[in-house]
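No value in this document is a laboratory result; all are computed from the given coordinates. Keep in mind the model is a prediction, meaning the values are calculated, not measured. In this analysis, Cβ positions are derived from the backbone assuming ideal geometry, glycine residues included, and neighbour counts consider all displayed protein chains.
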Amino acid sequence: MAMSSSINSIVLAPPNRPQELRAPQRPGTKPTEAEKAEKLHDAFTQFVGQTFFGQMIKAMRSTVGQPAYFNGGQAEKMFQGQLDQTLADQMTKASADRFAEPMFQRQFPNAVSPSGADAVSKQTSGLSELGQLARR
C-alpha cells in the first residue's frame, strides 16, 4: 500500500512550469517599461530567428535527396522535424540577435534602449570603415 500511495503522489504532483509562465515574485507590482521592452525584444528575436533558420533548414532539406545507404526510413522522417526545430532554436540563440536587432529597432523605435542605439552606431561605424579598405 505504501508503494501505491507514493506513486500517486508523484503522478498528482504539479508540473514544473518554465520561468516565463510563472507568476511574478512580487505580487501586485506592474512590470516597468524597460522590462516590457526587454520581453518584447526577446520575443521578437526568437520569432525572427526561428522563422529565418526554420525556413533555411527546410529549404536545405528540400535540395538533398535521400541517401542510398543508412536511410532511417519512416522513423527518420518523423523525428527530422523535431531535429530541425532544435537546430533552429540553437542557431537562434547563437546568432539571431545580429540580424534581428536592426529589424527590431526599425519596427519598434520607441522601445529601443539607449544602450541598443550605441550598439547600432558601433555596427554602422564598423561598416563605414569597410569602405576605407583597399584591394591589392
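Distance between the modelled labels on Lys36 and Asn71, one decimal in nanometres: 5.5 nm (7 Å Cα→Cβ projection). Residue-wise HN-Hα couplings along segment 35-47, as the Karplus relation 6.51 cos²θ - 1.76 cosθ + 1.60 with θ = phi - 60° gives them from phi, are 5, 5, 5, 5, 5, 4, 4, 5, 5, 5, 5, 4, 4 Hz; Gly and Pro carry x.
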